[in-house]
Amino acid sequence: MSLPSEVDVAIIGAGAAGLGAARALERSGLSVIVLEARDRVGGRGHTIMAAPDIPFDLGCGWLHSADQNSFVDIAQQLNFEIDKTRPPWREQSFDAGFPPKERADFIEAIDDFYDRAEAAAKSGHDSAASAWLEPGNRWNPMIDAISTYVNGCELDRVSILDMDAYVDTGINWRVRRGFGALMAAYGAPSPLAFNCNVTRIDHSGPRLRIETSRGTLSAAKTIVTVPTNLISDEAIAFHPALPAKVDAARGLPLGLDNKVMLALSDPDALPKDGNLRGATMRTAMGGFHLRPFGQPCIEGFFGGSFARALEDAGDGALAAQAIDEIVVLLGSDFRRKLKPLAESRWAHDPFARGAYSHALPGHAGARAVLAAPVDGRLFFAGEATSPNFFSTAHGARDSGERAASEVVVAISAAR
Ligand SMILES: Cc1cc2nc3c(=O)[nH]c(=O)nc-3n(C[C@H](O)[C@H](O)[C@H](O)COP(=O)(O)OP(=O)(O)OC[C@H]3O[C@@H](n4cnc5c(N)ncnc54)[C@H](O)[C@@H]3O)c2cc1C
């Protein structure tokens, strides 16, 4: 779409939040444009075909809290099949390297840890989640590994107040054709300008002046949905500056998670929707979803500093690590049965710079600061602004809808 010279509302970013905002404004009578730096919608929701029959979500894959997830209705409306198979995260296929007694022991340890952290959060005083690990507990490294999957970082960088605010109903579903594919279909009707990198927002005059790689436009209102790492790096310059937003974003950095997809040549050897943890006594290890949806493949997941080190090591490092870990558990035969198909690189992605936000200890309040409108003209959405569904795609989408309604209220009030 060509870039208009002026609009009522410019939405920056066509991820779940930007699309949620655009769809909510569809019948508002306002002129709207979504300015997206990439050549596609979805942002951190991106499905690729790793092989002709294997859709691979490089970013979000699970409809977390599915019974409260606004993407479930959207999937149904758009005829995207939802798979309700329970996630196998607490299982270990073949009990490989992690017998049931050990698993029960670990689950007790991690549940106790969460109980302690939750009780501590009730006091209202913030602290690092790592402070609530039981000193010397043998499962601490693995509890930290789970944090790298859930928060994208180790527990010493996680606020217990933020952790406590997160809502997880424990129901997790998937979209058969891919979550990113669903987002693309959801966003298709929106007015989108691709390859349109916003570099500056001048809000000193009566209208907002938005500078982009495709030229400048003016808008009455804007909804900024870019990831926190871009706000804290000041990838978009605000004039006058918005130091409170930059500070809030710095308290809500994106952690890192990366995924790898491996083709499996002998699928019958492994259970459909099985699971393996690469190792049990260290933090630097992957989690492996065997044959997701019954497909002939294995999806690996790495988080935190280990994911960063593997990404920094270059293309193919995630796949090599995944294969090494799987071979230790299932036998050397698997080395020739597995073939790397694709892997994500979210830290090096210039328009994401990480996976999802977590609050640093002492910064749980930053989500509300980031979400607050400025001057009735600049509005903020994105997963990091969600009070309870942060770090998720549905939290992002709902935040876009929230910002859209703030815009409508501000415009009606001014009329
Ligand atoms: C590996 C991984 C696994 C995940 N798993 C899940 C999961 O299972 N379930 C779940 O719910 N969530 C998951 N998430 C998180 C989820 O993907 C995100 O929380 C959500 O997609 C964020 O949406 P958003 O709109 O806030 O941000 P984004 O999707 O990042 O959208 C922001 C958009 O802004 C654009 N942009 C950036 N800078 C500019 C600029 N200067 N000018 C114009 N455009 C710009 C970006 O290109 C992007 O399209 C996962 C994420 C990752 C990385």
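One table, with the values for the structure above:
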quantity: Phi-based couplings in Hz for region 139-146 (Karplus 6.51, -1.76, 1.60; Gly and Pro marked x); calculated: 8, 3, x, 6, 4, 5, 4, 4
quantity: Rounded to the nearest 20 debye, dipole of region 103-257 from Cβ charges on Lys, Arg, Asp, Glu; calculated: 1140 debye
quantity: Mean Cβ count within 10 Å, highest first, over the residues of peptides 75-85, 374-384; calculated: 374-384, 75-85
quantity: Beta bridge orientation in the chain: antiparallel %, DSSP, nearest 5; calculated: 70 percent
quantity: Antiparallel DSSP beta bridges within region 148-282, as percent of all bridges there, nearest 5; calculated: 75 percent
quantity: Compactness relative to 2.2 N^0.38 Å, alpha carbon Rg of region 1-69; calculated: 1.37
quantity: Amide H contacts of THR199 (H built 1.01 Å from N, under 5 Å, at least 5 apart or other chain); calculated: GLU211, THR212, SER213
quantity: Segments 59-67, 296-304 sorted - mean Cβ within 10 Å per residue, highest first; calculated: 296-304, 59-67
quantity: Alpha carbon convex hull of region 130-230, projected area averaged over orientations, nm²; calculated: 11.0 nm²
quantity: Cα gyration tensor shape for region 69-147, rounded if a/c is under 1.5, else prolate or oblate; calculated: oblate
quantity: Spatial extent of the chain: Rg and Dmax, with the Cα atoms as the point set, Å; calculated: 21.6, 71
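No value in this document is a laboratory result; all are computed from the given coordinates. Being a predicted model, the structure only gives us computed values, none of them experimental. Please note: Cβ atoms are built from the backbone with ideal geometry, for glycine as well, and neighbour counts cover all protein chains shown.
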